[in-house]
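Heads up, the thing below is written out as structure tokens.
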Amino acid sequence: MKRKIGELIIILLFYLFQVTLGRVISIAGIMPNLLIIIPVIFGYFNGKNEGMFTGFFAGALYDLSASSLFGFSSLVFIYIGYLAGIFYRRYEGTEIIFPLIIVSAGDLIYEFLSYIGNFLLHNRLNIVFFLTRFIIPEMIYTMLAFVILYKPLVWLNSHLNVRDKRRVNKFDERNI
């Protein structure tokens, strides 16, 4: 239970950081998508269920602030958390390249699906403009933010895991 509350607090902090300071750190109107990083980290280190849990709440908060299609971000973030959770325990925790690939692919897919839902269906067909002006720069900026935030999030994740393991170990020792 403490782990879930800790994850929700982290999601809320990232949401507040993205909403309040997002415009301050934006470059040419492009802000990093910080909330897409959370399902990748927790899914990659804790499995599919954690990735989907954090993806749902991160997507719901993203929908409240930035999305015109409510539920769309939640659905895509759940899939991204699931995708990251597939690779749980297959790679080492010190490896940054594979989660970086998942973040970049997830952000590219999210932005492309957002383009389809918000622009293509409204007969705005200039996909090259949207790719070069919005989608790829945001993907690169999100990757840069991921590289900066990777170690602190790994530390927070391990800190949350230690508390759960201590509690489980004490519970197991009493029953033996």
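The values are calculated or read from the model by the stated rules, or taken from the named source; none is laboratory data. Just so it is clear, the model here is predicted, and its values are computed rather than measured. Cβ coordinates were reconstructed from backbone atoms using ideal geometry, including for glycine residues, and neighbour counts include every protein chain displayed.
Taken together, the criteria exclude Tyr79 from residues that are within 27 Å of Leu8 (Cβ to Cβ), modelled with pLDDT of 85 or more and in contact with a strand residue (DSSP E or B) (Cβ under 9 Å, 6 or more places away or on another chain). Residue count for the stretch 29-81, restricted to those that are acidic (Asp, Glu) and under 12 Å from the mean Cα position of the chain (by Cα): 1.
When the stretch 71-105 is limited to residues that are in contact (Cβ under 8 Å) with a residue 24 or more places away in the chain and among the β-branched types (Val, Ile, Thr), the one that is surrounded by the most Cβ atoms within 10 Å (Cβ to Cβ) turns out to be Ile80.
Of all residue pairs spaced 6 or more apart or on separate chains, those with beta-carbon atoms under 6 Å, a first member in the stretch 112-129 that is within 16 Å of Asp63 (Cα to Cα) and a second member that is aromatic (Phe, Trp, Tyr) and in a helix (DSSP H, G or I) are Tyr115/Phe130.
State whether the residues of the stretch 123-139 include one that is surrounded by fewer than 13 Cβ atoms within 10 Å (Cβ to Cβ), modelled with pLDDT under 80 and either within 17 Å of the chain's Cα centre (by Cα) or on the phi < 0 side of the Ramachandran plot (or both). Yes.
With respect to the conditions (1) within 21 Å of Asn33 (Cβ to Cβ); (2) of a type outside the set (Phe, Trp, Tyr); (3) touching a residue at least 60 places away in the same chain (Cβ under 8 Å), Leu160 falls short on a single one, namely (1).
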